[in-house]
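Trainee: This is the structure I have questions about; it appears just below.
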Amino acid sequence: MADLTRLTAAETAERIASGDVTAVEVAEAHLARIDAVDEKVHAFLYVDREGALAKAREVDEKRARGERLGPLAGVPVAVKDLFTTEGVPTTVGSKILEGWIPPYDATVVRRLKEADVVILGKTNMDEFAMGSSTENSAYGPTGNPWDLTRIPGGSGGGSSAAVTAYEAPLAIGTDTGGSIRQPAAVTGTVGVKPTYGGVSRYGMVAFSSSLDQAGPCARTVLDAALLHSVIGGHDELDSTSIEQPVPDVVTAARNGDVAGLRVGVVKEFRGEGYQAGVLQRVDETVELLRELGAEVVEVSCPSFTKALAAYYLIAPSECSSNLARFDAMRYGLRVGDDGTHSAEEVTALTREAGFGDEVKRRVMLGTYALSSGYYDAYYGSAQKVRTLITRDFERAFGEVDVLVSPTTPTTAFPIGERADDPMAMYLADLCTIPSNLAGNAAMSVPCGLAPEDGLPVGLQIVAPAMADDRLYRVGAALEAAHQARWGHPLLEEAPSL
Ligand code: GLN
């Protein structure tokens with residue numbers, strides 16, 4: 001039998017539904033692949049072998065009884081370790097939650113289970129999703145399957161690496177400033193940040209609540225759409241969840257087409273700091289869009305140059321409030337509880353031992369930015385910039401249907417290169433952050449390998465809020481045109497796979 005781990009999610013679902021393979025065979029093939037490669041890749045923090053096989057058996061029994069199966073029934077998925085999973089450890093990449101077993105499922109997880117998707121386990125991430133390389137995980141870094149000495153992106157590097165290394169056809173990520181799209185770009189996969197409020201945040205460990213958004217990671221645009229439609233939609237447990245149906249992303253992904261589409265190339269996202277090979281592949285892809293019938297114009301969004309600064313005040317401010325709940329009294333780690341310390345001391349000792357450097361840096365920064373006397377100068381100003389960014393998008397979407405840019409300024413950098421330089425690390429999200437601040441929808445699709453290092457480059461596509469389907473229509477058209485040009489999916493060029 002052909003290697004089941006090489007199939008797309010759509011193909012896998014079809015083969016299970018037709019009885020060609022069983023869900024148990026599919027789950028076993030992926031668990032074997034994890035056994036074979038994850039010691040090197042380190043995409044997973046926890047593999048739920050028994051849970052996965054039990055769910056797979058359930059799917060096979062359902063099919064045997066003649067019950068109708070959903071569009072992803074029996075397909076394996078890896079879930080970022082930021083979602084609560086009932087009975088399965090959830091660490092959010094931090095020592096402070098080591099050993100915590102949540103008593104409930106996040107809405108995204110519940111929806112996966114209801115759709116009979118097979119959850120393989122939990123993936124590695126930067127602690128509390130703060131980072132762009134997965135090096136901030138308290139459990140060690142993840143390698144980029146294209147070159148294990150390089151970063152797989154972050155904060156969701158475990159999810160992108162699992163998909164890239166064929167350990168899972170699908171994964172769930174979260175994107176607060178780029179943590180789905182940036183990992184997708186540097187691993188040559190597809191990653192989508194849905195419209196803010198399009199996917200429930202219930203049961204996601206909160207980092208920056210006004211920015212956090214769950215979304216799909218996959219190897220194809222259609223697979224991402226199938227997953228998006230399973231996890232998306234209104235949830236009354238999340239007060240910011242949008243009360244509208246999920247845009248029809250699956251139909252859009254099946255009908256890739258850009259004829260007559262107006263595409264705006266963001267003028268501000270090039271120049272100093274951008275790798276030449278990244279810009280070259282992006283420019284070629286823009287040219288391809290033109291050849292496919294799109295109308296391409298340059299668009300200026302001047303406030304985008306201030307997005308990074310605004311983000312690094314807003315996100316730390318919100319995190320300083322959200323992380324106050326890790327006080328050693330409720331969940332996870334507790335240090336110094338030996339009768340000799342006061343409750344305050346236990347909290348302080350636990351936080352000292354349980355939080356890593358980047359988390360501490362952000363809590364301090366955020367607490368400072370929110371303190372009275374500084375609030376207007378920092379947080380207040382950042383909120384004003386946020387409004388300006390939203391207006392830039394509104395103006396741009398008055399002229400064009402989608403915006404495009406590089407997803408990241410560079411390809412995957414070596415592990416360790418930026419570890420001691422937070423500013424260099426933050427720059428990896430230069431192009432992705434505006435969409436989080438404005439709350440609109442964005443995707444990264446592969447657009448080739450940079451000539452200087454042979455590593456993947458991503459094109460970012462941005463659409464207005466609740467026009468997520470546009471991303472898929474454009475993404476699918478590009479995917480088909482690129483693959484016709486390359487003769488195969490980009491991942492087939494990865495040397496270590
Ligand atoms: N890299 C950004 C940060 O460190 C974004 C993280 C994310 O999207 N979760 O905050």
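Trainee: Could you check the stretch 90-142 and list, in sequence order, the residues that are within 17 Å of SER160 (Cβ to Cβ) and of a type in the set (S, T, N, Q)?
Mentor: THR123, ASN124, SER132, SER133, THR134, ASN136, SER137, THR142
Trainee: Is it the case that SER317 is over 14 Å from ILE389 (Cβ atoms) and either out of contact with any Cys (no Cβ under 8 Å at 6 or more places or on another chain) or crowded, with 18+ Cβ neighbours inside 10 Å (or both)? Write out each step before concluding.
Mentor: Details: over 14 Å from ILE389 (Cβ atoms): yes; either out of contact with any Cys (no Cβ under 8 Å at 6 or more places or on another chain) or crowded, with 18+ Cβ neighbours inside 10 Å (or both): yes.
Criteria met by SER317.
Trainee: Taking the conditions exactly as written (of a type outside the set (Val, Ile, Thr) and on the phi > 0 side of the Ramachandran plot), does GLY458 satisfy them or not? Give the derivation first.
Mentor: On the way: of a type outside the set (Val, Ile, Thr): yes; on the phi > 0 side of the Ramachandran plot: no.
No, not satisfied.
Trainee: Here's something else I'd like to know. Among what's in the stretch 436-456 and is closer than 30 Å to ALA484 by Cα and within 13 Å of the ligand (Cβ to nearest atom), pick the residue that is surrounded by the fewest Cβ atoms within 10 Å (Cβ to Cβ).
Mentor: ALA442
Trainee: Could you grab the pairs with beta carbons closer than 9 Å, sequence gap of 6+ or different chains, first residue in the stretch 198-226 and buried (at least 24 other Cβ atoms within 10 Å of the Cβ), second one in a loop (DSSP other than H, G, I, E, B) and among the basic types (Lys, Arg)?
Mentor: ASP212/ARG201; GLN213/ARG201; ALA214/ARG201
Trainee: Taking only the stretch 147-162 into account, find how many residues are out of contact with any helix residue (DSSP H, G or I) (no Cβ under 7 Å at 6 or more places or on another chain) and more than 15 Å from the ligand (Cβ to nearest atom).
Mentor: 4
Trainee: Could you check how many residues of the stretch 320-339 are under 19 Å from PRO89 (Cα atoms), open to solvent by 20 Å² or more (accessible area, probe 1.4 Å) and either among the basic types (Lys, Arg) or touching a residue at least 40 places away in the same chain (Cβ under 8 Å) (or both)?
Mentor: So the answer is 6.
Trainee: From (1) open to solvent by 10 Å² or more (accessible area, probe 1.4 Å); (2) not in a strand (DSSP E or B), pick out the condition that doesn't hold for VAL297.
Mentor: It is condition (2) that VAL297 fails.
Trainee: Only one residue in ARG290, ARG362 is assigned to a helix (DSSP H, G or I) and in contact with a strand residue (DSSP E or B) (Cβ under 7 Å, 6 or more places away or on another chain), so which one is that?
Mentor: Numbers: ARG362 fails: in contact with a strand residue (DSSP E or B) (Cβ under 7 Å, 6 or more places away or on another chain).
One residue alone meets the criteria, ARG290.
Trainee: Condition first: touching a helix residue (DSSP H, G or I) at 6+ places or on another chain (Cβ under 8 Å), within 13 Å of the ligand (Cβ to nearest atom), open to solvent by less than 30 Å² (accessible area, probe 1.4 Å) and not in a loop (DSSP other than H, G, I, E, B). Now tell me which residues in the stretch 397-430 satisfy that.
Mentor: Within the stretch 397-430, TYR426, ALA428, ASP429 meet the criteria.
Trainee: Something else now. Considering each of LEU471, LEU459 in turn, give the residue that is surrounded by 21 or more Cβ atoms within 10 Å (Cβ to Cβ), more than 15 Å from the ligand (Cβ to nearest atom) and either part of a helix (DSSP H, G or I) or at pLDDT below 95 (or both).
Mentor: Numbers: LEU459 fails: either part of a helix (DSSP H, G or I) or at pLDDT below 95 (or both).
LEU471 is the lone residue from the list that is surrounded by 21 or more Cβ atoms within 10 Å (Cβ to Cβ), more than 15 Å from the ligand (Cβ to nearest atom) and either part of a helix (DSSP H, G or I) or at pLDDT below 95 (or both).
Trainee: Something else now. Would you pick out the residues in the stretch 338-358 that are acidic (Asp, Glu) and either within 15 Å of GLU98 (Cβ to Cβ) or outside any loop (DSSP other than H, G, I, E, B) (or both)?
Mentor: Quick first cut of the stretch 338-358, residues acidic (Asp, Glu) only: 338, 344-345, 352, 357-358.
The answer is GLU344, GLU345, GLU352, ASP357, GLU358.
Trainee: Follow-up. Quick check on my filter: what residues within the stretch 235-250 are open to solvent by 10 Å² or more (accessible area, probe 1.4 Å) and either of a type in the set (A, V, I, L, M) or free of Cβ contacts under 8 Å to residues at least 12 places away in the same chain (or both)?
Mentor: Within the stretch 235-250, GLU236, LEU237, SER239, ILE242, GLU243, VAL246, VAL250 meet the criteria.
Trainee: Okay, next question. Mind listing whichever residues of the stretch 4-32 are under 26 Å from the mean Cα position of the chain (by Cα) and open to solvent by 50 Å² or more (accessible area, probe 1.4 Å)?
Mentor: Hits for the stretch 4-32 are ARG6, GLU11, GLU14, GLU28, ALA32.
Trainee: Of the conditions (1) within 13 Å of the ligand (Cβ to nearest atom); (2) open to solvent by 10 Å² or more (accessible area, probe 1.4 Å); (3) not β-branched (Val, Ile, Thr), ALA115 fails just one. Which one is it?
Mentor: Tallying (1) within 13 Å of the ligand (Cβ to nearest atom); (2) open to solvent by 10 Å² or more (accessible area, probe 1.4 Å); (3) not β-branched (Val, Ile, Thr), ALA115 fails exactly one: (1).
Trainee: Let me ask something else. When you go through GLU291, GLU272 one by one, which is the residue that is charged (D, E, K, R), within 29 Å of ALA477 (Cα to Cα), more than 16 Å from the ligand (Cβ to nearest atom) and open to solvent by 70 Å² or more (accessible area, probe 1.4 Å)?
Mentor: Details: GLU272 fails: within 29 Å of ALA477 (Cα to Cα).
Criteria check complete, one pass: GLU291.
Trainee: Kindly indicate whether SER372 is at negative phi, of a type in the set (S, T, N, Q) and without any contact (Cβ under 8 Å) to a residue 40 or more places away in the chain.
Mentor: Working: at negative phi: yes; of a type in the set (S, T, N, Q): yes; without any contact (Cβ under 8 Å) to a residue 40 or more places away in the chain: yes.
Criteria met by SER372.
Trainee: Would you check if there is a residue in the stretch 46-68 being among the hydrophobic types (A, V, I, L, M, F, W, C), in a loop (DSSP other than H, G, I, E, B) and within 29 Å of GLY198 (Cβ to Cβ)? Working first, answer last.
Mentor: The initial filter retains those residues of the stretch 46-68 that are among the hydrophobic types (A, V, I, L, M, F, W, C), namely 47, 52-54, 56, 59, 64.
Going one step further and asking which of them are in a loop (DSSP other than H, G, I, E, B), we end up with none.
Scanning the stretch 46-68, I find no residue that is among the hydrophobic types (A, V, I, L, M, F, W, C), in a loop (DSSP other than H, G, I, E, B) and within 29 Å of GLY198 (Cβ to Cβ), so the answer is no.
Trainee: Can I ask one more? Is one or more of the residues making up the stretch 124-144 assigned to a strand (DSSP E or B), within 15 Å of the ligand (Cβ to nearest atom) and either touching a residue at least 12 places away in the same chain (Cβ under 8 Å) or of a type in the set (A, V, I, L, M, F, W, C) (or both)?
Mentor: Looking only at the stretch 124-144, we keep the residues that are assigned to a strand (DSSP E or B), and these are 144.
Narrowing further to those that are within 15 Å of the ligand (Cβ to nearest atom): none.
No, the stretch 124-144 contains no residue that is assigned to a strand (DSSP E or B), within 15 Å of the ligand (Cβ to nearest atom) and either touching a residue at least 12 places away in the same chain (Cβ under 8 Å) or of a type in the set (A, V, I, L, M, F, W, C) (or both).
Trainee: Do any residues in the stretch 158-175 that are over 8 Å from LYS80 (Cα atoms) have Cβ atoms under 8 Å from those of residues that are in a helix (DSSP H, G or I) and among the hydroxyl-bearing types (Ser, Thr, Tyr), where the two are at least six apart or on different chains, and which pairs are they?
Mentor: That search, which allows pairs on different chains as well, returns SER160/THR187; ALA161/THR187; VAL163/THR187; THR164/THR187; TYR166/THR5; GLU167/THR5; PRO169/THR5; PRO169/THR12.
Trainee: In addition: Of the numbered conditions (1) open to solvent by 20 Å² or more (accessible area, probe 1.4 Å); (2) under 27 Å from THR8 (Cα atoms); (3) among the β-branched types (Val, Ile, Thr), VAL77 fails exactly one; give the number of that condition.
Mentor: It fails just one condition, (1).
The values are calculated or read from the model by the stated rules, or taken from the named source; none is laboratory data. What you see is a predicted model; the values in this text were computed from it and never measured. Positions of Cβ are generated from backbone atoms using ideal geometry, with glycine treated the same way; all protein chains shown enter the neighbour counts. The protein model used for the area step is the full one, side chains on, heavy atoms only, and it has no ligands, DNA or RNA in it. Shrake-Rupley method; radii C 1.70, N 1.55, O 1.52, S 1.80 Å.
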